[in-house]
Structures are given as structure tokens and as C-alpha cells.
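Quick one: this structure, given as C-alpha cells, is what I'll be asking you about.
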Amino acid sequence: MTLPITLTDDVFWIGVNDRETHLFESLMPIPEGVSYNAYLINDEKVALIDTVKIDYNDALIENIKSIIGERTVDYLIINHIEPDHSGSIGAILNAFPDMIIVGNSKTANFLKGFYSKTENVLIIKENDVLELGQHRLKFFMTPMLHWPETMMTYEETKHILFSGDAFGGFGALNGGVFDDEVDFSFYEDEMLRYYANIVGKYSNMVQKALSKLQALDVKAIAATHGVVWRKNPQYVIDLYDRWSSYQAEDGVVIVYGSMYGNTKKTADVIARAFANKGMKKIRVYDAARTHISYLISEIWRYKAVVIGSSTYNGSLFPPIEQLISKMENSALQNKILGVFGSYSWSGESVKMLKQSGESGKLTLAEPIVQWMFAPDEEVNIQADMLATNIVNLLKE
Ligand code: FEO
């Protein structure tokens, strides 16, 4: 993008857009791309805050030089060392060999392990301050958001919080960089998908970080992905508070795995039963055709989830097995779960779904809807009862 892009007079966004990568972390589709946000403070001392993925080294160095010319970068602050933000360290050090890398003791360990870098490293701890001239940077440890070394850097003069991955999301920045420049509905969906799949497992740590932030006057939030918040940073803080405390919207996600359509038939019966009871937000997904990252995001969004699986080789239908495993790994809470499914001889799938519901922190709704072969009218009655019971539980 055409630079400079200015947060305040001498604080700049100098990130890059990635519209080339298909799978983020080699795992999650990013059809709309992603941005790697780095920032530069051009003060008496020049500070670079985070870098970008290794593929974009040249663009980052070009962005830096477009602002500081022949000056050097004095400090690189590493809020998060995952390689999508630290991949450029080697190239940046080549360009600015006297640069000091700033991070906490855990960052130093990763720095050594990933990049064999041990010299010119300044180790800071909670509440330490780095003076740049006009700007003072204060550091807050926010471990497990979402790696052990993650921290945030608070610029005290202009009240900007450089937050690492927290408050970030998928989606390249298509011209607009700031919250007041974009149609946020798209970015909010992609923020939730990022949260649910990457950060959500550590929601208790998000709550701890949010408590810490309460003491700060935050006028802008600058994350390592996605939109920069300068008009309404409280909006995204509130979103994180809701998501990390498992507050969800009224609505239901129905996900099914069906080999020949018998489990799918009942998914549609359940969906119709919800509609008959006045529910508007009903989302139905075929697990074999929808990437799990979208399913987890939708499950995080809504209060109820109904999962159907045919029995496949004495177990769950494989995409549903993967979904259940991811749900358990995400430590999902405060959801109502309904389960259903068909089988032709042994019928393990629904038993396994039921066990999963009983062992987690979800409320398992009755009845458990299971049948042999094709669903009949009795199955439809059971499916209707399940929807009725879930609607009643939602009212509670
Ligand atoms: Fe964007 Fe956790 O790296």
C-alpha cells in the first residue's frame, strides 16, 4: 500500500498483505488473505514493533526505509515470535546490524531456538519502560495469547496498545487500515474465526490480560493482523471479553456428517423444527464440505450446537471426529449440545457424540436421536423433541 500510513504523527503502520498463502499455519483457508502488521516509531530512537512473514522481507525493509531514510532501526520489539511475525528478523538484522532485539525471557529462549540469536538482546519484564525520546514504551506480559512468550507493548504518550495477535483477524487490508475506514462486518467474522481457532483455547488467559488492560487508557489498538482500532478500541475489547467468557448469540449450528443422506435428512428435519419454534439464526453445515475452522467459528458464535454423524467403520464419520476433537481441544464451554445420527449395524457414532457431550463442559440436550437405516416418522418426532428441548434450554 502507499505509505506513509500514520497512526499518529511519528507512529506508522508498515505491514504487508498476504494474498498468496492458501492455508494459514498450513491449516486454515484464508481466501481473503491476511495482513502481517508491523509498526514503526520514528523518534530519537527508532523502534520497529514486530516484523512480518519471511516471504515479505523486502517489502518490510522498503517500508521501513521509506520512513526513516538512511537512519537505522535501534530497537526491534518482539511482542510475539511466531514466524509470521518474526520471519524477517534475519533480513532486518542484515539491514540494521546494530539493532537491539527487545523481548522477555521466554522470547529470548525462542529467539535462540529459532534464529540462533543471543547477542544484542535486551530482556525486559512486566512494567519495564523503554524510552525512545518523545515516546515511552511499557511492557505487559500476556502469556498464552497464544504462545508462552506473548506480551503487549503500550505506548504511553499516544496511548497505543501494540497487542500482538490479540484483537487480530484474517482478511488482508484492502485499502482501509483503520476501523473507521472499513466495512467491519467482514472483518468481525474473520476476527471471530481467528479467535475461535487460534486464541480461544486460552480464553482464561484472555480474561487475565483484559483485567490487566483495564488500568490502561487505550486510545488505539494495533494488532499483528487485521484492522487497527483508533475510533472505537473499546468495541473490540468488548468483543474479546464476550468471546473469552463464552457469551454467545441466540442461535443454533447444526453440523452433520452423512455418507448417503440419511443423517442429513434428519439434520434438515431438526433445522425445520427450530424454524417452526421461531428461531431465526439456524446454520446448517455439511462437515465434509465446510472447513473445520469455519465450523468452530460458528459454534463459538452461537449458544447451541447440534451434531449428527453416521457410524463409519465403527466410529464417527471422519470430519465429525475431527470436529469433536477440535471442540474438546478448544475447551468449549457454556453451550447446549444435541446429538443425532444413523447407523446400519453397530451404531457407535451417537454413543461417542454422547460421551463427548457428557465429558465436556457442555449441556447435553435430550433426547439422543439415533436410528438404524433410514429415518422414519418416529425419528422425526424425536428430532422435533430435541429442537423443542434446546429452545427451552435457551430460554433458561
Ligand atoms: Fe500471527 Fe500467532 O502468529
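Amide H neighbours of GLY169 under 5 Å, at least 5 residues apart or on other chains, H built in the peptide plane: list them.
Amide H to amide H, under 5 Å and 5 or more residues apart or across chains, GLY169 pairs with HIS225, GLY226, VAL227.
Run down the lysines and flag those whose C-alpha is under 24 Å from the C-alpha of LYS65, throwing out any fewer than 8 positions away in its chain.
Within the straight-line cut-off, LYS65 pairs with LYS45, LYS53, LYS117, LYS158.
Check the straight Cα-Cα distances from LYS395 and name the lysines below 18 Å, setting aside those fewer than 8 residues away within the same chain.
LYS277, LYS280, LYS281, LYS303, LYS335
For segment 252-395, would you read off the P(r) tail past 20 Å as a percentage of all alpha carbon pairs?
That fraction is 38 percent.
Can you give me the Cα centroid spacing of segment 221-297 and segment 121-180 in angstrom?
One Cα centre to the other: 29 Å.
Now a separate question. If you restrict to DSSP beta bridges whose two residues both lie in the chain, what percentage is antiparallel, to the nearest 5?
45 percent
A further question follows. Leaving out ligands, DNA and RNA, what percent of the accessible area of the chain is carbon and sulfur, probe 1.4 Å?
Working: 8070 of 16620 Å².
Carbon and sulfur: 49 percent of the exposed surface of the chain.
Would you mind checking the tilt of helix 377-395 against the longest principal axis of the Cα atoms of the chain, expressed as 0 to 90 degrees and rounded to 10?
40 degrees
Same structure, new question: With θ taken as phi - 60° and the coefficients 6.51, -1.76 and 1.60, list the Karplus ³J(HN,Hα) couplings across segment 220-234 in order, rounded to whole Hz; mark glycine and proline as x.
Working through the residues one at a time gives 8, 10, 10, 8, 7, 9, x, 5, 8, 9, 10, 8, 9, x, 5 Hz.
How long are the semi-axes of the equivalent ellipsoid of the chain, taking √(5λ) for every eigenvalue λ of the Cα gyration tensor, in whole Å from largest down?
Semi-axes from the Cα gyration tensor: 46, 20, 18 Å.
So, one more: Please build a GNM for the chain, connecting alpha carbons under 10 Å apart, and tell me which residue among ASP189, ASP165, ASP98 fluctuates the most.
Highest fluctuation of the listed residues: ASP98.
Return the aspartates and glutamates within reach of LYS361: Cα separation strictly under 16 angstrom, same-chain partners fewer than 8 residues apart disregarded; answer none if there are no such residues.
In chain and number order, the partners are GLU328.
Let me ask something additional. What list of ³J(HN,Hα) values in whole Hz, one per residue of segment 175-192 in order, does the Karplus curve 6.51 cos²θ - 1.76 cosθ + 1.60 (θ = phi - 60°) give from phi, with Gly and Pro shown as x?
Here the 3J(HN,Hα) series is x, x, 10, 9, 4, 7, 10, 10, 7, 6, 4, 5, 5, 5, 4, 6, 5, 5 Hz.
For segment 41-113, state which GluC sites (Glu not before Pro) are in a DSSP loop and have at most 16 other beta carbons lying within 10 Å of their beta carbon. Show your work: numbers first, answer last.
Working: sites: GLU44, GLU62, GLU70; in loops: GLU44, GLU70.
Listed in order of number, the matching sites are GLU44, GLU70.
Shape of segment 5-161 from its Cα gyration tensor (a ≥ b ≥ c, root eigenvalues): rounded if a/c is under 1.5, otherwise prolate when a/b > b/c, or oblate?
The shape class here is rounded.
Quick one: putting +1 on the C-beta of Lys and Arg, -1 on the C-beta of Asp and Glu, what dipole do you get for the chain around its Cα centre, in Debye to the nearest 20?
Using only the charged Cβ atoms, the result is roughly 1040 debye.
Along segment 144-159, what does the Karplus equation 6.51 cos²θ - 1.76 cosθ + 1.60 (θ = phi - 60°) give for ³J(HN,Hα), rounded to whole Hz, x for Gly and Pro?
6, 10, 10, 10, x, 8, 4, 9, 10, 10, 10, 8, 6, 6, 9, 6
A follow-up question, please. Under a crude label model (7 Å from the Cα following the beta-carbon direction), how far is ARG272 from LEU122 in nanometres?
6.8 nm
Taking 7 Å along the Cα-to-C-beta vector as the label spot, tell me the GLN355-GLU181 distance in nanometres, rounded to one decimal.
Taking the simple label geometry, GLN355 and GLU181 are separated by 5.3 nm.
If you don't mind, another one. Which angle from 0 to 90°, rounded to the nearest 10, does the C-alpha axis of helix 57-68 make with the longest principal axis of the chain?
With rounding to tens, the tilt is 50 degrees.
Can you give the accessible area per residue of the chain, in Å², using a 1.4 Å probe?
Per-residue value: 42 Å².
What are the residues whose amide H is under 5 Å from the amide H of GLY338, where those residues sit 5 or more places off or on another chain and H is modelled from the backbone?
The answer is VAL305, VAL306, ILE307, ALA365.
Please give, to one decimal in nm, the separation of the simple spin-label points placed at HIS159 and GLN234, each 7 Å out from Cα toward the Cβ.
Distance between label points: 1.1 nm.
The values are calculated or read from the model by the stated rules, or taken from the named source; none is laboratory data. For clarity, every value in this text was computed on a predicted model and none was experimentally measured. Note that each Cβ is placed from the backbone with ideal geometry, even for glycine, and that neighbours are counted across all protein chains shown. What goes into the accessible areas is simple: the full protein's heavy atoms, side chains included, and nothing from ligands, DNA or RNA. Shrake-Rupley method; radii C 1.70, N 1.55, O 1.52, S 1.80 Å.
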